[in-house]
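Notes for the one structure printed next.
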Amino acid sequence: MPSAVPTARETITKFTNCRILKGDELVEQDLWVSSGTGKIVRNQEAFYSSHAVPDHTINLDGRIISPGLIDVQLNGAFGFNFSTVPEDPSTYGKVLRQVNKSLVQTGVTSYLPTLTSSNKEAYHQALPFLGPSGQRRLASDGAESLGAHCEGPFLNPTKNGIHPREVLVAAENGFSDLEDMYGSENINPTLDPISNAILPPRIRKITAAPEIAGITSAISDITSRGIVYAIGHTEATYEEASAAIAAGGTMITHLFNAMAPLHHRNPGVFGVLGLAKSLPRPYFGIIADGIHLHPTSIKIAFNAHPDGFILVTDAMHLVGLPDGVYSWNENSGERLVKTGPSLTLEGTDKIAGSSITLIECVNNFLNFSGCTISQALKAVTSTPSAMLHLQGVKGSLESDADADLVIIDEEVHENGARSLTIDQVWKFGSKVFDRDE
Amino acid sequence: MRLIIREDPTSASTYIANYIIDRIKSFNPTNKHPFVLGLPTGSSPVGIYKVLVERYKAGEISFENVVTFNMDEYIGIPREHPESYHTFMYKHFFSHVNVHPSNTHILNGNAPNLEAECVQYEAAIKAAGGIDLFLGGIGPDGHIAFNEPGSSLASRTRVKTLAYDTIIANSRFFDNDISKVPKMALTVGVQTVLEAREVVIIITGAHKSLALKKCIEEGVNHMWTLSSLQLHPHPMIVVDEDATLELQVKTVKYFKSIEAVSASQGFEQILPSKVRTGPRPIDNRIMIPTEEVKKQPTIQSPQPVTSTLLAAPATEYPVRSITPDLIPDRMGSRIAAY
């Protein structure tokens, strides 16, 4: 029986006979990971310096190793909605830990728990649980939060999607309104009481509409704290969106959805991918569930800026649950209808997020676009990692990166469709999921 | 000298890889009695390593009891530099097979005392029992390892300054910037290679055909250091057709016929059994070479009379008697006294 206490001894695992994702290519190369450091081993140095030999060698028979998947927009999973604070707040952390352990089995090794628009109390209660959770570097903790993603409440009421309109507000006083809404200790770096180290803010990313009063002027205050500012749920014109990019915005939340569509005389938010004002092009999230966007729109967006293309699920807490009607907003009594992969607000045809897993998005994108496997995997590994300024730590198989991996089996079906299946998931150099077990 | 001619570089590489595998297998190496393999870097051997790795992955050969010594390494570039020979060996061979890291030896171009590093390297080769098979390639000027034209044929492991031509040629690996190219290297000497019990050389491509001609059709010459192989008891050169362009038709046909005849007789051109299995268990391997005790040669244990420059491996000295010294005597002593 495996001991619950991790052994101090470091185990080095070598994967061989595999194709690993490096840049834009799948390279046939061995990969060494250490459970001691939780990182990818500089294997050549270990070989010559410490004469290290792997404790285990795993022959993958040509399967693919990708960095662990990163979902930058996940509203909840396995019946748990990050935005719903239970009556007894102490259970929040407990359920969250359980969700992390389940989530990692879907191949998502790190993610941004995303809060939909809520009132101030909800942020103050939930955010303390949602900050970066990987400090302990324990594989048994499951999926790791890289910090919270606050989607709202500074959104345009006409593009609210399923966010309750009554909680949407403006930031008349600029950044101090954000501080007040989310809580100063959540939006600012804090001091660790024990080690005196400076901890990053619990919030990693904020989605807000640039045309809402006070937002564009607050962008520099947001980004100076290491928080990513994303344009979303907006009526912004091309000019307003460009101004937000010029102020330091680097991301667009679910491109095409909850924003003005591309018009040839007013290209809107999509226009900033056109490089017309010689501004850097932002990253952008795409929901490839086949419902939110037409496959061709996805391909157009990809071709506009392949290096900024990030696949997100925008999944609700209903992922994995059976079809039916589920409660959504307890105050207003609104409910969600789950029919297969589709999720709508009861009584309307409004899309209410998705209930798709990230690897399913990757498979959809592969078949919608006909792109290569490495291009599709990049959109859930190195690109989101670069957006979060985590190059070389997450979403990477370079030496010294965190050893978060997924082992992927590639299948080509009779009708020509390609699909990737997650066979194993490794977190910090230890196996946490195996499809065959 | 065995000269094996194959159609193209791939089949030449495959021939050598298979040959090495057969040698290791018939040697039957153990932990106490490992097979000692000398290894090169460069573009020609890449194909050989590829086949060796494939055969290892197919489970047909194990490198568990193989000790390796590399020919050379640059001085002054980091060990993890993409162009270092450490990186080359790791990338093309060591990382793919089960050779134990402590069994690999590559000269350390960042050693604080480079001369001591060279002396130590020679001692390590001796301690391992000498090299059973030294694999090598050559440059278009006929150099083996970094023993460029004019290197002493009696040279041992040492620091070597690179020829300007070599530096220019290497600059393509260093952003075409000559200032970044290492100017010095550590290399085994010609004599170090010749002391191996067997030497196998791969030569492919038309640009090396002149070197091949100089090395096998003409005399031993320090301007073509590989020509010293003519003094080795068991050399083998494996080439592709392109590399034979400068050879005489007669030479090519001769070596092809030798191979064909021996194949028709049902055997390859194999080595004497003593060389094939190496000197079986050496009980006390000495780390530091001791002073050689000068012994009077006898018929039972002859000593070489050739110069050390031309010395073949110690196990291979031809047994030949020494003419006894003349002892002057009186004629009278031979006549029975009346």
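Packing, as the average of other Cβ atoms within 10 Å across residues, places the peptides B:245-254, A:179-188 in the order A:179-188, B:245-254, highest first.
Using Cα-Cα distances under 8 Å and only pairs 6 or more residues apart, what relative contact order does the range A:138-232 have, in percent?
On the way: 138 pairs, mean separation 31.5, N = 95.
Computed over the range A:138-232, the figure is 33 percent.
Per residue of A:42-49, other chain Cβ atoms within 10 Å of the residue Cβ number 5 on average. Per-residue shielding of B:89-99, expressed as the average number of other chain Cβ atoms within 10 Å of the residue Cβ, stands at 3. Basic side chains Lys and Arg get +1 at the Cβ, acidic Asp and Glu get -1 at the Cβ, and with that the dipole of the range B:175-239 about its Cα centre reaches some 60 debye.
How do the peptides A:114-121, B:225-232, A:87-94 rank, highest first, by the average count of neighbouring beta carbon atoms within 10 Å per residue?
In decreasing order of mean packing, A:114-121, B:225-232, A:87-94 become B:225-232, A:114-121, A:87-94.
Let me have the relative contact order for the range A:68-387, percent, based on Cα pairs under 8 Å that are six or more residues apart. Don't skip to the end; give the middle numbers.
Details: 699 pairs, mean separation 53.8, N = 320.
Reported relative contact order: 17 percent.
Candidate cross-link partners of A:Lys350 among the lysines, defined by an alpha-carbon separation under 24 Å and a same-chain spacing of 8 or more, comprise A:Lys159, A:Lys299, A:Lys338. Just name one of A:Ser278, A:Met387, A:Asn331: the one whose Cα is farthest towards the positive end of the charge dipole of chain A (beta-carbon charges, Lys/Arg +1, Asp/Glu -1). The Cα lying farthest towards the positive end belongs to A:Ser278. Calculated mean residue ellipticity, 222 nm, the protein assembly as shown: -7000 deg cm²/dmol, from DSSP H runs (n ≥ 4) at -39500 (n - 2.57) each, averaged per residue and rounded to 500.
For B:Pro149, the shell of other residues with beta-carbons less than 11 Å away shows a net charge of -2, using +1 for Lys and Arg and -1 for Asp and Glu. Each part reduced to its alpha carbon centroid, the range A:200-239 and the range B:1-54 end up 62 Å apart.
Specify which residue in the list B:Gly129, B:Ser62, B:Ser179 is farthest towards the positive end of the charge dipole of the protein assembly as shown, using unit charges on the beta carbon of Lys, Arg (+1) and Asp, Glu (-1), about the Cα centre. Going by the charge dipole, the pick is B:Gly129. Grouping the Cα pair distances of the range A:279-437 into 10 Å bins from zero gives a pair-distance distribution of 10, 32, 35, 20, 3, 0 percent in increasing distance order.
Applying 1/(1 + (r/R0)^6) with R0 = 60 Å to the Cβ-Cβ distance of B:Glu115 and A:Ser217 gives a FRET efficiency near 0.30.
Can you sort B:Phe173, A:Phe256 by how many other beta carbons sit within 10 Å, fewest first? Before the final figure, lay out the partial values.
Numbers: B:Phe173 12, A:Phe256 22.
Listing B:Phe173, A:Phe256 from fewest to most nearby Cβ atoms yields B:Phe173, A:Phe256.
Electrostatic tally near A:Asn363: other residues with Cβ closer than 14 Å to its Cβ, Lys and Arg +1, Asp and Glu -1, net -4.
Using the beta-carbon distance between A:Lys350 and A:Asp434 and R0 = 45 Å, what value does 1/(1 + (r/R0)^6) give for FRET efficiency, to the nearest 0.05?
Details: r = 39 Å, r/R0 = 0.87.
It comes out at approximately 0.70.
Taking the convex hull of the alpha carbon positions in the range B:74-161 and averaging its projected area over all directions gives 6.8 nm². Taking all C-alpha pairs of the range A:88-159, those more than 19 Å from each other amount to 38 percent.
Each principal axis of the Cα atoms in the protein assembly as shown has its own extent, and those three values, largest first, are 146, 56, 50 angstrom.
In summary, the aspartates and glutamates within cross-link reach of A:Lys94, defined as a Cα separation below 15 angstrom excluding same-chain residues under 8 places away, comprise A:Asp141, A:Glu144.
Normalise the Cα radius of gyration of the range A:164-259 by 2.2 N^0.38 Å (N = residues in it) and let me know the number.
Numbers: Rg = 14.1 Å, N = 96, 2.2 N^0.38 = 12.5 Å.
Compared with the compact-globule rule of thumb, the range A:164-259 sits at 1.13.
Placing +1 on the Cβ of every Lys and Arg and -1 on the Cβ of every Asp and Glu, with nothing else charged, gives the protein assembly as shown a dipole about its Cα centre of roughly 2520 debye.
Taken over the alpha carbons of the range A:262-325 as equal point scatterers, the Debye sum produces base-10 log I(q)/I(0) values at 0.14, 0.17, 0.22, 0.26 Å⁻¹ of -0.52, -0.69, -0.97, -1.21. Over 23 Å between Cα atoms: which of B:Lys214/B:Lys256; A:Lys14/B:Lys126; A:Lys120/A:Lys427; B:Lys126/B:Lys183; B:Lys180/B:Lys213 fall into that group? Pairs exceeding 23 Å: A:Lys14/B:Lys126; A:Lys120/A:Lys427; B:Lys126/B:Lys183; B:Lys180/B:Lys213. Considering only B:Val159, B:Val200, B:Ser228, and ranking their Cα positions along the charge dipole of the range B:143-234 that arises from unit charges at the beta-carbon of Lys, Arg, Asp and Glu, the one farthest toward the positive end is B:Val159. In the range B:145-237, the alpha-carbon atoms span a convex hull of 101 Å³ per residue.
Two numbers describe the Cα atoms of the range B:2-271: Rg and Dmax, which are 17.9, 56 Å.
Shown for A:Asp402, A:Asp177: other C-beta atoms within 10 Å of each C-beta, ranked fewest to most, produce the order A:Asp177, A:Asp402.
Expressed in Å, the radius of gyration and Dmax of the Cα atoms of the range A:17-167 are 19.9, 64. In plain terms, the C-alpha convex hull of the range A:196-307 casts an average shadow of 8.0 nm² when viewed from every direction.
Direction-averaged projected area, Cα convex hull, the range A:141-182: 4.4 nm², rounded to one decimal.
Can you tell me the dipole magnitude for the range A:68-387 around its Cα centre, using point charges on the Cβ only (Lys, Arg +1; Asp, Glu -1), in Debye to the nearest 20?
On the way: 20 positive and 28 negative charges, 177 e Å.
It works out to roughly 860 debye.
If you scale each eigenvalue of the Cα gyration tensor by 5 and take the root, what three semi-axes come out for the range A:68-387, rounded to whole angstrom and sorted largest first?
Working: eigenvalues 135, 113, 86 Å².
That gives 26, 24, 21 Å for the three semi-axes.
How much net charge surrounds A:Ala315 when only the other residues with a Cβ under 14 Å from the Cβ of A:Ala315 are counted, with Lys and Arg +1 and Asp and Glu -1? After counting each charged neighbour, the total is -4.
Mind checking the alpha-carbon convex hull of the range A:297-361 and giving the volume per residue in Å³? Could you put the intermediate results ahead of the total?
Values: hull volume 7.1 nm³, N = 65.
Cα-based convex hull of the range A:297-361, divided per residue, equals 109 Å³.
Sequence-distant contacts, meaning Cα pairs under 8 Å at least 6 residues apart, place the relative contact order of the range B:2-271 at 24 percent.
Counting other Cβ atoms within 10 Å as a rough exposure proxy, the listed residues A:Lys101, A:Lys378, A:Lys338 run A:Lys101, A:Lys338, A:Lys378 from fewest neighbours to most.
Computed from the coordinates by the stated procedures, all read-outs in this text should not be read as laboratory data. A quick note: this is a predicted structure, and the numbers were derived from the prediction, not measured. No Cβ is skipped: glycine too gets one built from the backbone with ideal geometry, and neighbour counts run over all protein chains shown.
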